[in-house]
Amino acid sequence: MRLALIGPGNIEFHFQKLLGISKQKFNSELEKIAQSFVNSNIELECLPDKGISFTLAKLYKQKGGQKVIATIPKSDKTFGIKHLEPYINEKINNKPIFDETIDSGDWFKHDMTKALFGDAILYLGRSPGTDLEKNGAEYLYKIMTGNKKGVEVAGKFIHPKIKAGKNFTIFVYSPFLKNKKLSFEDEAYLKKDKIKLVYIKNPNHLEKELKKFISQTPSRYSA
């Protein structure tokens, strides 16, 4: 199973200033989340950039995690990826954090497809970039599964490395949301488009739900 991580890039602003979570409590929570990944025997996918997703991927590897995949818009000609290079090249014990890379195209296609490179998403907080990735994945999944009238394109034609399948799920880490939940409208559209939504209470609950997901997940969507 591959879990796509999406979340805020500015940790201090988002988690300390906006949500009022102390650095000590926040760091402790991330340590436990990373351990839940290791215990669940999953692989991770993230954008190599500053923020909570990269921090968790790094902790996961430090704790003996097996595989982390970098999704990078290598073909972008508008903004470029030079600012990503320090994260792409970072190592732990002289070994790269990232075991594999996926070229997601340009930044515009990347933002629409990024979260579909996992079998499921772990949503780690509400921010403009995070919601762009979540909403893009939801919209394309709707098309992939034939739920947009008059339009249907299989995932492999959007990008051959897409993994989102028939059990596609968004895990929402509730402690990192001010109101603990998505909006009423968000929940309604996810239900309509047959995307599963699971609210996660804590790291132990996350581990339990990841293992449950693994046991129930069918093969990759192939329509």
Could you check, for the range 153-173, whether at least one of its residues is over 30 Å from GLU12 (Cβ atoms) and of a type in the set (S, T, N, Q)? yes
Can you tell me how many residues within the range 93-128 are of a type outside the set (Asp, Glu) and within 12 Å of the chain's Cα centre (by Cα)? 12
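Of all residues in the range 23-39 being open to solvent by 10 Å² or more (accessible area, probe 1.4 Å) and polar (S, T, N, Q), which is farthest from LYS109 (Cα to Cα)?
Keep residues of the range 23-39 that are open to solvent by 10 Å² or more (accessible area, probe 1.4 Å), which gives 23-25, 27-29, 31-32, 35, 38-39.
The next check asks that each one be polar (S, T, N, Q); those that pass are 24, 27-28, 35, 39.
On the way: GLN24: 36, ASN27: 32, SER28: 34, GLN35: 31, ASN39: 33 Å.
So the residue we want is GLN24.
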Quick one: LYS95 ticks every box in (1) among the charged types (D, E, K, R); (2) farther than 22 Å from GLY129 by Cβ; (3) in contact (Cβ under 8 Å) with a residue 40 or more places away in the chain except a single one, so which number is it? (3)
Unmet criterion (only one of (1) at pLDDT 95 or above; (2) open to solvent by less than 10 Å² (accessible area, probe 1.4 Å); (3) within 24 Å of PHE171 (Cα to Cα)) for LEU84: (3)
Take LEU5 and decide whether it is modelled with pLDDT of 95 or more, of a type in the set (A, V, I, L, M, F, W, C) and over 25 Å from ASN135 (Cβ atoms). no
Checked the range 178-195 for anything among the charged types (D, E, K, R) and in contact with a helix residue (DSSP H, G or I) (Cβ under 8 Å, 6 or more places away or on another chain); matches are LYS178, LYS180, LYS181, ASP193
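Taking TYR221, is it of a type in the set (Ser, Thr, Tyr) and at pLDDT 95 or above? Reasoning before the result, please.
Values: of a type in the set (Ser, Thr, Tyr): yes; at pLDDT 95 or above: no.
The answer is no for TYR221.
How about the range 55-77: which of its residues are part of a helix (DSSP H, G or I), open to solvent by 10 Å² or more (accessible area, probe 1.4 Å) and within 25 Å of PRO128 (Cα to Cα)? First the steps, then the outcome.
Applying the first criterion (part of a helix (DSSP H, G or I)) to the range 55-77 yields 55-62.
Applying the additional criterion that residues be open to solvent by 10 Å² or more (accessible area, probe 1.4 Å) yields 55, 58-59, 61-62.
Passing the criteria: THR55, LYS58, LEU59.
The values are calculated or read from the model by the stated rules, or taken from the named source; none is laboratory data. Quick caveat, the model's predicted, so the values are computed rather than measured. Glycine gets a Cβ as well: all are built from the backbone with ideal geometry, and neighbour counts include every protein chain shown. For accessibility, only protein heavy atoms count, side chains too; no ligands or nucleic acids. Shrake-Rupley method; radii C 1.70, N 1.55, O 1.52, S 1.80 Å.
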